[in-house]
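This report refers to the structure that appears directly beneath it.
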Amino acid sequence: MQLNEKSKVPLYVELYHQFKSMIQDGKYAEDQKLPSKRKLATSLKISPLTVDAAYQQLIAEGYVYSVEKSGYYVGKRVELLKKKTSQTLLQDMDDVQEKVQYAYELKTNVVDTTLFPNATWAKLAREVLSENHHEMLNNLDPQGLQRLRREIARYLELYRGMKVHERQIVIGSGSTSLIGMLVELLGRHKKYAIEDPGYSKIYHLFKGNDVDLSLIPLDDFGCSIEMLRQKKIDVIHITPSHQFPMGIVMPIQRRNELLNWVSETSSRYIIEDDYDSEFRYQGKPIPALQGLDIHDRVIYMNTFTKTLAPSFRMSYMVLPEHLLSPYLTMSSYHGCTVPNFEQFILYKFMHEGYFERHVNRMRNHYREKIDKIIHLTSSCPKVSIEGYEAGLHFLIKLPSYMDESNIVDQIRKEKIFVSGLKSYVQDLERYYQGPALVIGYSGLSSNDLEHAIQLILKIISKNIV
């Protein structure tokens, strides 16, 4: 054994590594005695303290044990079982193809980042660092920053017709944390349901929380009340202002039917997901279902991912008053999942009026895109677009004889990412409503969007008989 005295690594570390390697390689047998500290120090011409430091590290990690007045011995050898992996699998892992690069991505989970007010957000961030650094670095209320919740309550009253108190609002990092919290709050023993077709992530979130989950089909007005009764549902998650992905705006008659259904027993709740309600392009905004609820059985959810950017991962829910007490008990072992820094910035962004101006600017920009799409699709009479009156996606309905999967494949071969309606349907045998493309248009520039839609219409036209 030789030590490199010119090495930048301390001598005891180098000695420790050499002994560790020899033990792992089997050069020292289990329970074999190691050289004494004095003898090894003399042999290597180093201090006994250096040898002791190396031995102590080996003892701490379990490679060596000491026996009083006897010396140091090699510890028990336990080999890790080798992973059973075939050579073919290893080769396949080495040959993994790169992810397909699309020229245009018509996804529903992106926004136009060119509209984000970078300068304003940076200014507010500097102000927060200067004025709120002590508060920002400490723990906040599990429900989130009180000042931000107050601004959200004001916004909901002005724009969604909801009279709620800040104490009812809980801020969380997206639907993942909020739905997990709701399942814990309402109980896993209840029978839950979601719309079908619907957002696949919501389906997997509820299934991941190990609940009894049913799928409720849609008619022209939204989810079926008859099926809610037939399946004895306790909690239904719905998107009434702009159903995802069908784009249905639930009329007042169906809303009242839902509210009557939920009021029939104290075990029932509606989770209203109002995910893109800020973007309505025809007429006045549709009032939130929560604002019509006189029985306090609607749990309202919304997100800032559509109005700001998906990366912010900031959402919130409004709890009925009677759920606040059990929530406060539960919140004693929950913390807010949104960073304080972002909450303080968003509070200032809303309080100083920037948020409302930003949403108005985005709404006008997206309306221009929708108008252009309507003009383009008018040249292809065999297709129709639905659900474009609101939100950041719409459907291109295809002739019934077309093979949706085949059309999607043809479009993707042209380096355009698009999804078919089938990908959002959980029960294809019962609830599939015919071929359609789900078009998320918010992430592309106007020019790119126009080019992508023209290519899609060209492909569809080739398949028309």
Next on the checklist: Below 8 Å, C-alpha to C-alpha, sequence gap of six or more: please give me the relative contact order for the stretch 116-353 in percent.
Outcome noted: 27
Next on the checklist: Assuming 0.36 nm per residue, please report the length gained on full extension of the stretch Ile294 to Glu226 beyond their Cα-Cα distance.
Outcome noted: 22.3 nm
Checklist entry - Roughly what angle does helix 340-351 make with the longest principal axis of the chain, taking Cα atoms, 0 to 90 degrees, to the nearest 10? => result 20
Checklist entry - Within straight cross-link reach of Lys462, meaning Cα distance under 24 Å, which lysines are found once same-chain residues fewer than 8 apart are removed? => result Lys107, Lys372, Lys382, Lys397, Lys413, Lys415, Lys422
Checklist entry - Which number gives the lysine pairs in the stretch 11-74 that have C-alpha atoms under 20 Å apart and are eight or more places apart or on different chains? => result 9
Checklist entry - In whole Hz, what ³J(HN,Hα) sequence does the stretch 234-241 give by Karplus (6.51, -1.76, 1.60; θ = phi - 60°), x for Gly and Pro? => result 9, 10, 10, 9, 9, 10, x, 7
Item to check | Tail beyond 16 Å, pair distance distribution of the stretch 11-74 (Cα, percent) | outcome: 39
Checklist entry - All other residues with a Cβ under 11 Å from the Cβ of Asp52 taken together, and with Lys, Arg as +1 and Asp, Glu as -1, what is their net charge? => result +2
Checklist entry - How much net charge surrounds Glu30 when only the other residues with a Cβ under 10 Å from the Cβ of Glu30 are counted, with Lys and Arg +1 and Asp and Glu -1? => result +1
Item to check | Answer label for mean projected area of the Cα convex hull in nm² (calculated), chosen among (i) 33.0; (ii) 27.8; (iii) 23.2 | outcome: (i)
Item to check | Around Leu323: net Lys/Arg minus Asp/Glu count, Cβ-Cβ under 11 Å | outcome: -1
Next on the checklist: Only counting other Cβ atoms within 10 Å, I'd like Lys27, Lys369 sorted with the fewest neighbours first.
Outcome noted: Lys27, Lys369
Item to check | Ordering of 416-429, 115-128 by packing [mean C-beta count within 10 Å, highest first] | outcome: 416-429, 115-128
Item to check | Mean-position separation - Cα centroids, the stretch 207-279 and the stretch 46-60, in angstrom | outcome: 68
Checklist entry - For the chain, what proportion of DSSP beta bridges, expressed in % and rounded to the nearest 5, is antiparallel? => result 60
Next on the checklist: Once you compute Rg and the Kirkwood Rh from C-alpha atoms, what is the Rg to Rh ratio for the stretch 96-135?
Outcome noted: 1.29
Checklist entry - Cα axis of helix 175-186 to longest principal axis of the chain: angle in degrees, 0 to 90, nearest 10? => result 80
Next on the checklist: How tilted is helix 11-24 with respect to the longest principal axis of the chain? Cα atoms for both, answer in degrees (0 to 90, nearest 10).
Outcome noted: 80
Checklist entry - Count of lysine pairs in the stretch 116-353 with Cα atoms under 26 Å apart, counting only pairs 8 or more residues apart in sequence or on different chains? => result 21
Item to check | Antiparallel bridge percentage (DSSP; both residues within the stretch 116-353; nearest 5) | outcome: 35
Checklist outcome for this item: CD proxy, 222 nm, the chain: helix-only mean residue ellipticity via -39,500 (n - 2.57) per DSSP H run with n ≥ 4, per residue, nearest 500, stands at -12500 deg cm²/dmol
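Laboratory data are not the source of any read-out in this text; all were calculated from the coordinates shown. All of these numbers come straight from a predicted model, not from anything done at the bench. All Cβ positions, even for glycine, are placed from backbone atoms using ideal geometry, and neighbour counts span all protein chains on display.
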